[in-house]
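The values are calculated or read from the model by the stated rules, or taken from the named source; none is laboratory data. This is a predicted model, so every value here is computed, not measured. FYI the Cβ positions are ideal-geometry reconstructions off the backbone, even for glycines, and counts take in every protein chain you see. Just the protein is used for accessible areas: all its heavy atoms, side chains included, with ligands, DNA and RNA removed. Shrake-Rupley method; radii C 1.70, N 1.55, O 1.52, S 1.80 Å.
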Amino acid sequence: MKIFIDTADLDEIKELASWGIIDGVTTNPTLVAKTGRSFNEIIEEIFKIVDGPISLEVVSEKADDMVKEAKQLVSKVSEKYRKNVAIKIPMTSEGLKAVKQLSKMGIKTNVTLVFSANQALLAAKAGATYVSPFIGRLDDIGQEGMQIVEEIMEIFCNYDIETEVIVASIRHPIHVIQAARIGADIATVPPSVLRKMVKHSLTDVGIKRFLEDWEKVKK
Ligand code: E4P
């Protein structure tokens, strides 16, 4: 399973990319706002750090405006990085129209705010490169989020649909294990969850004991 990092924080992206486990980045308006920096300021930097798909989200609501905004976003990125741009489009009927047009232009899309298998199927039919089911937000309202990932994977598998599934809105390490067991293509994981995934108390205890014992070895 590919792992994307779900943040726009450059320091976090740099640090976690240095672990050698990051295949791409997803951002959204909330994550960009959290950085306190302007989008233009951080956009190119992200592409320099990670050589993989980087999702940038539009904020327009009408299809033609989304397409226009998508083209502007692509043009903000240096030519050598443009192959990695994926435009995040919200899952609405206007969004589907935009995805259709963008896919004809060869611009990659990531249909975001997907909360059902039907939405994912429609996004794939419109030509989405990626669909992002939001698991944590479904869990938040008392619905088993991971179930829609199972349904989407089954449907995409039945019809050899090439659209890749990005499990999004991940809240804890168990979500990542579940996504991987289902066989999702990608999980986009917040830095805090990646830090939890790397840790185990027995690893820490083991290192401490090895270091203490090493002190006892005659040198
Ligand atoms: C995915 O692309 C989104 O940026 C993200 O996973 C949203 O997660 P949230 O529900 O924690 O905001």
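Radius of gyration over Kirkwood radius for the stretch 1-80, both on Cα atoms: the Rg/Rh ratio is 0.97.
Just from its helices, what would the mean residue ellipticity at 222 nm be for the chain, if runs of 4 or more DSSP H residues each count -39500 (n - 2.57) and the sum is divided by every residue, rounded to the nearest 500 deg cm²/dmol? Write out the running numbers ahead of the final one.
Working: 11 runs with 116 residues, N = 219.
Estimated from H runs of four or more residues: -16000 deg cm²/dmol.
Could you pull out the longest piece of the chain with no exposed loop chymotrypsin sites (Phe, Trp or Tyr not before Pro) in it, calling a site exposed if DSSP puts it outside H, G, I, E, B and it has at most 16 other Cβ atoms within 10 Å?
20-158
Taking the stretch 45-94, how much of its Cα-Cα pair set, in percent, is spaced more than 13 angstrom apart? That tail contains 55 percent of the Cα-Cα pairs.
Averaged per residue, what accessible surface does the stretch 2-216 expose to a 1.4 Å probe, in Å²?
Numbers: 11200 Å² over 215 residues.
Accessible area per residue, the stretch 2-216: 52 Å².
Treating each Cα of the stretch 2-216 as one equal point scatterer and applying the Debye formula with no solvent, the log10 of I(q)/I(0) at q = 0.17 Å⁻¹ comes out as -1.18. With respect to the chain, whose longest principal axis is taken over its alpha-carbon atoms, helix 173-182 is tilted by about 60°. Restricted to Cα atoms, the stretch 135-219 shows a radius of gyration and a Dmax of 19.2, 64 angstrom.
Residues of the stretch 178-196 with an amide N closer than 19 Å to a point placed 7 Å from the Cα of residue 11 along the Cα-to-Cβ direction: 190-196. The slack in the chain from residue 185 to residue 116, taken as 0.36 nm per residue of separation less the alpha-carbon distance, amounts to 23.1 nm. Can you list the lysines whose alpha carbon sits under 16 Å from that of residue 108, skipping same-chain ones fewer than 8 residues off? Reachable lysines: 68, 71, 76, 80, 83, 88, 97, 100, 125.
Exposure check, 1.4 Å probe, all protein chains in place: residue 32 carries approximately 20 Å² of accessible surface. Taking H placed 1.01 Å from N in the peptide plane, check which residues at least 5 places from residue 167 or on another chain put their amide H under 5 Å from its amide H. Amide H neighbours of residue 167, under 5 Å, 5+ apart: 186, 187, 188. Using the alpha-carbon positions of the stretch 78-136, Rg (one decimal) and Dmax (whole number) come out as 11.4, 36 Å. Take the chain and mark each of the GluC sites (Glu not before Pro) that is in a DSSP loop with at most 14 other Cβ atoms within 10 Å; the longest unmarked stretch, sites excluded, is 62-143. Each of residue 18 and residue 41 was given a label point 7 Å from its Cα along the Cα-to-Cβ line. The distance between the two points is 2.2 nm.
Remark on residue 6: its backbone amide H falls under 5 Å from those of 26, 189, a criterion applied only to residues 5 or more positions apart or on other chains, H modelled at 1.01 Å from N.
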